[in-house]
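What follows is a single structure, written as structure tokens, with notes after it.
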Amino acid sequence: VPSAFAVLQALPLTSSGKVDRKALTAPQASSSSEFVAPRTPTEEILASLWAALLRVEKVGAQDDFFALGGHSLLATQLISRVRSSLGVELPLRSLFEAPTVAALASRIESSRHSATGLVAPALVPVPRTTALPLSFAQQRLWFIDQLAPGSPAYNIPSSLRLSGLLDTEALRLSLEALVHRHETLRTTFREEPSGPVQVISPPTALRMDVIDLRSLPPEQRQAEAQRLAEAEALRAFNLTTGPLLRASLLVLDEQEHVLLLNVHHIVSDGWSMGVMVREVAQFYGAFVSGLPSPLPPLPLQYADFAAWQRQWLQGAELEEQLTWWRHQLEGAPQELELPTDRPRTHRTMPRGGHVPVVLPRELSEALDALCLREGLTPFMFLLAAFQLLLSRYSGQDDISVGTSVAGRNRAELEGLVGFFLNTLVLRTRLDGDPTGRELLARVRDTALGAFTHQHIPFEQLQPMRDLRQAPLFQVMFMLQNLPSTELSVPGLSFRPMSTQGRVAKFDLTLVLSRTADGFQGGLEYAADLFDASTAERMARHLLVLVEALVSAPERRLSNLTLLAEDERRQLLVDWNATRAGFPEACIHSLFEAQVRHEPDALAASFEGNGLTYGQLDAKANQLAHALRRRGVGPEVRVALSVERSLDVVVGLLGILKAGGAWVPVDPLLPRERLAFMLEDSGAEALVTQSPLLERFPEAHRARALCLDTEKDA
């Protein structure tokens, strides 16, 4: 059932006559059936914060944050705005436990009265006269770069399609203004006795390479642009010499260009790319019109954040965060034992592959509805489904998955370019065969605890490093909720192009985002470990598990199948359709036909000795004639007891050629057992080897044929 309705005079259409979903007005949803206006100053401030973040016109006291479209990233932003506007530090869990304006306002008032909550130091500019430290996240990437210099694993490539009349110089000046505005884009790194430090270069002219592809036939230009984009994505950066931002412009025709941006992760992240595109568009709109920069200087820079983080995360605060994580990760498996198609090896540039993952619109809407009922976010649900998939594949019930958080838990950081991203380890235990609903509750508690303690730098967890695999986790999951980088200025539009990287940082990385047509994204896999067919099968199985969890969350996990109907039919029916017609002939008759066809071909070999079909047939015939002389024929049982050798094959064929029935007897069995088997089977003859005769009863020794002496015992 839709959560909101909007009445339109007509549906907006695209030039091709289809419904233009992006032009549709977002309905003003409300989680309550009757609008209740905010009643206190705190409720009024919260309602205005929600309206600005969620982009709705009005918010009532009983409206639910998540029912209005909120998610984990927006929740983090709301908490930072509450801190700035109301001076109260709330844990992220508070919003999940009190998701309405009224309930959260009550939490805020209680926090004020009890004076609880962490108070971080003020974030202020620091002098540039002393060495500037790296943030904890930068220090991690610096260390990784020392292990594998020049690896493109931490490149952040971005391709933008520019449609319309382009002023190339205005675009170059816009990129130059961006670099001048954000110190981190002109920062390099240097090792000093005290450790690595940031080195901020003064503003200089920016170089933008222009590559004209108009000499190529029109049908080849896009393919060449894609090739150049992928090649640029793999170009290495030198963190010491820089620059750590590169820009290239590909000219497809007069009104079609592709802007290639590549920046190292140590100075940027996914959120930053949105900031960069947005500000480049603002600069370009001003410069192309002959106007000055529309953006004022920034009051803070990334180096200020790095110094603030170092000052804050120490002492009691650092220890409190570390204590929680140590308890959370105590005893966690160091390796996820996924069955791989090839053995694991150490490579500085592990090859990556990519397969699409698509959740249909109807399933995505049902998923959203379930999350609202259960007090979850889609991130938590999809993480639970992914961890269940990994548990099924690995056979383990303790699954750790990595994820990234924006790290911008203060409003003043939202407009900065820099590496604020932090990595969290989300560990879920699936033991005890819980129901789907119980699994979702476990994942919710884990995620809320991790988000509450998200400030601890990943490196502070002191993971043991193994050059063959990532520490603490080898699988990553991300649900992208970043603002769109699709922008436009008069006469020009900026649209992102898809560029798949070819380097895999982890064994598996699942990245999804919410679109108008449902959750979509892809599964990146280490091509050195997995085949594309394996990754595709994982993606199909994930979809099946999501459908099962949505449709029946009350079922036990052991009752949820991985297999789609066509796979079940293939396993249970198609691959078991083994009925086949057999010729109406005995085995030794078929063997004799092969003897006539290829008498000199090798028939059997053992430890360097061999028999051709002709030789084997001759020996078997010799044995058969001897057995026939001793009365062997139909229904007569003959025991064959020889050591592992070519005599096994000779004896079997000889017995069958004589018309007898073969009774296999292991000569290594105890004497009493051998006697019992010969007596119980009613064997009237014994085919053996002379060294084994003493192991058999006297009565059977008298009726034995020894293959190694080719005569009767």
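The values are calculated or read from the model by the stated rules, or taken from the named source; none is laboratory data. Predicted, not measured: the structure shown is a model, and the values here were computed from it. We place every Cβ from the backbone using ideal geometry, glycine too, and count neighbours over all the protein chains shown. Accessible surface is based on the protein model in full, side chains and every heavy atom, while ligands, DNA and RNA are left aside. Shrake-Rupley method; radii C 1.70, N 1.55, O 1.52, S 1.80 Å.
Quick one: which of Glu536, Glu547, Glu524 is under 17 Å from the mean Cα position of the chain (by Cα), open to solvent by 50 Å² or more (accessible area, probe 1.4 Å) and under 17 Å from Leu390 (Cα atoms)? Working first, answer last.
Working: Glu547 fails: under 17 Å from the mean Cα position of the chain (by Cα); Glu524 fails: open to solvent by 50 Å² or more (accessible area, probe 1.4 Å).
Testing whether each residue is under 17 Å from the mean Cα position of the chain (by Cα), open to solvent by 50 Å² or more (accessible area, probe 1.4 Å) and under 17 Å from Leu390 (Cα atoms) leaves just Glu536.
Looking at the stretch 369-391, which of its residues are over 30 Å from Pro339 (Cβ atoms), part of a helix (DSSP H, G or I) and either touching a strand residue (DSSP E or B) at 6+ places or on another chain (Cβ under 8 Å) or open to solvent by 20 Å² or more (accessible area, probe 1.4 Å) (or both)?
Listed by number, the residues that qualify are Ala369, Leu372, Arg373, Glu374.
Please work out which residue is farthest from Asp253 (Cα to Cα), limiting yourself to the stretch 223-238 and to residues that are open to solvent by less than 70 Å² (accessible area, probe 1.4 Å) and not aliphatic (A, V, I, L, M).
Phe237
Table: residues versus (1) crowded, with 19+ Cβ neighbours inside 10 Å; (2) part of a strand (DSSP E or B); (3) among the charged types (D, E, K, R).
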site	(1), (2), (3)
Arg128	no, no, yes
Leu141	yes, no, no
Gln146	no, no, no
Pro149	no, no, no
Ile156	yes, yes, no
Leu162	yes, yes, no
Pro196	yes, yes, no
Val210	no, yes, no
Arg214	no, no, yes
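Could you list, ordered by first residue, the pairs with Cβ atoms under 6 Å in which the first is in the stretch 140-164 and touching a residue at least 24 places away in the same chain (Cβ under 8 Å) and more than 20 Å from Pro196 (Cβ to Cβ) and the second is among the aromatic types (Phe, Trp, Tyr) and crowded, with 20+ Cβ neighbours inside 10 Å, at least 6 apart or interchain?
Leu160/Phe494
Tell me, which residue of the stretch 304-340 that is acidic (Asp, Glu) and open to solvent by 70 Å² or more (accessible area, probe 1.4 Å) is nearest to Gly395 (Cα to Cα)?
Going residue by residue through the stretch 304-340, those that are acidic (Asp, Glu) are 304, 317, 319-320, 330, 335, 337.
Okay, now just the ones that are also open to solvent by 70 Å² or more (accessible area, probe 1.4 Å), so 319-320, 330, 335, 337.
On the way: Glu319: 35, Glu320: 34, Glu330: 20, Glu335: 12, Glu337: 8 Å.
The residue in question is Glu337.
Out of the helices (runs of 4 or more DSSP H) lying entirely within the stretch 621-713, which hold 1 or more residues that are farther than 25 Å from Glu592 by Cα?
Values: elements: 647-658, 671-681, 698-701.
Because the criterion is at least 1 residues that are farther than 25 Å from Glu592 by Cα, the helices (runs of 4 or more DSSP H) in the stretch 621-713 that meet it are 671-681, 698-701.
Within the stretch 431-443, which residues are buried (at least 21 other Cβ atoms within 10 Å of the Cβ) and over 11 Å from Arg556 (Cα atoms)? Outline the logic, then answer.
Of all residues in the stretch 431-443, those buried (at least 21 other Cβ atoms within 10 Å of the Cβ) come to 436, 439-440, 443.
Scanning the stretch 431-443 gives Leu440, Val443.
Within 30 Å of Tyr613 (Cβ to Cβ), open to solvent by less than 10 Å² (accessible area, probe 1.4 Å) and either of a type in the set (Val, Ile, Thr) or touching a residue at least 60 places away in the same chain (Cβ under 8 Å) (or both) - does that describe any residue in the stretch 667-683?
Among the residues of the stretch 667-683, not one is within 30 Å of Tyr613 (Cβ to Cβ), open to solvent by less than 10 Å² (accessible area, probe 1.4 Å) and either of a type in the set (Val, Ile, Thr) or touching a residue at least 60 places away in the same chain (Cβ under 8 Å) (or both), which makes the answer no.
Quick one: in the stretch 633-650, which of the residues that are touching a Ser or Thr at 6+ places or on another chain (Cβ under 7 Å) and of a type outside the set (Gly, Ala, Ser) is least open to solvent (accessible area, probe 1.4 Å)?
Val642
Checking the condition out of contact with any helix residue (DSSP H, G or I) (no Cβ under 9 Å at 6 or more places or on another chain) and either within 30 Å of Glu279 (Cα to Cα) or assigned to a loop (DSSP other than H, G, I, E, B) (or both), which residue from Gln334, Gln396 passes? Before you say what the answer is, go through the steps one by one.
Values: Gln396 fails: out of contact with any helix residue (DSSP H, G or I) (no Cβ under 9 Å at 6 or more places or on another chain).
None of the other options fit; the residue is Gln334.
I'm trying to understand the selection: among the residues of the stretch 54-102, which are among the small types (Gly, Ala, Ser), open to solvent by 30 Å² or more (accessible area, probe 1.4 Å) and modelled with pLDDT under 80?
Ser84, Ser85, Gly87
Which of the residues that make up the stretch 254-264 are surrounded by fewer than 21 Cβ atoms within 10 Å (Cβ to Cβ) and out of contact with any Ser or Thr (no Cβ under 9 Å at 6 or more places or on another chain)?
Listed by number, the list holds a single entry, Glu254.
Give the stretch 601-620 a look and list any residue that's assigned to a strand (DSSP E or B) and under 28 Å from Leu674 (Cβ atoms), or say none. Spell out the reasoning first.
Restricting attention to the stretch 601-620, the residues satisfying the condition of being assigned to a strand (DSSP E or B) are 602-606, 609-612.
Ala604, Phe606, Asn609, Leu611, listed by residue number.
Would you check if Val251 is touching a strand residue (DSSP E or B) at 6+ places or on another chain (Cβ under 7 Å), surrounded by 21 or more Cβ atoms within 10 Å (Cβ to Cβ) and within 20 Å of Met497 (Cβ to Cβ)? Break it down into steps so the answer makes sense when it comes.
Values: touching a strand residue (DSSP E or B) at 6+ places or on another chain (Cβ under 7 Å): yes; surrounded by 21 or more Cβ atoms within 10 Å (Cβ to Cβ): no; within 20 Å of Met497 (Cβ to Cβ): yes.
No: the conditions fail for Val251.
Taking interchain pairs and intrachain pairs at least six residues apart, which have beta carbon atoms under 7 angstrom, with the first residue in the stretch 45-65 and under 14 Å from Leu104 (Cβ atoms) and the second buried (at least 16 other Cβ atoms within 10 Å of the Cβ) and basic (Lys, Arg)?
Leu49/Arg81
I'd like the residue in the stretch 577-595 that is part of a loop (DSSP other than H, G, I, E, B) and under 18 Å from Pro634 (Cβ atoms) and, out of all such residues, is most open to solvent (accessible area, probe 1.4 Å). Talk me through it step by step, then tell me what you get.
Within the stretch 577-595, the subset part of a loop (DSSP other than H, G, I, E, B) is 577-586.
Filter once more, so that each one left must be under 18 Å from Pro634 (Cβ atoms): 584-586.
Working: Glu584: 183, Ala585: 52, Cys586: 75 Å².
If we take residues in the stretch 577-595 being part of a loop (DSSP other than H, G, I, E, B) and under 18 Å from Pro634 (Cβ atoms), then Glu584 is most open to solvent (accessible area, probe 1.4 Å).
Suppose we keep only residues that are assigned to a loop (DSSP other than H, G, I, E, B) and of a type outside the set (Gly, Ala, Ser) within the stretch 528-560. Which one would you say is nearest to Gly518 (Cα to Cα)? Before the answer, list the steps.
Going residue by residue through the stretch 528-560, those that are assigned to a loop (DSSP other than H, G, I, E, B) are 528-531, 552-555, 560.
So of that shortlist, the ones also of a type outside the set (Gly, Ala, Ser) come out as 528-531, 553-555, 560.
Numbers: Asp528: 31, Leu529: 30, Phe530: 27, Asp531: 27, Pro553: 20, Glu554: 24, Arg555: 25, Leu560: 23 Å.
Among residues in the stretch 528-560 that are assigned to a loop (DSSP other than H, G, I, E, B) and of a type outside the set (Gly, Ala, Ser), the one nearest to Gly518 (Cα to Cα) is Pro553.
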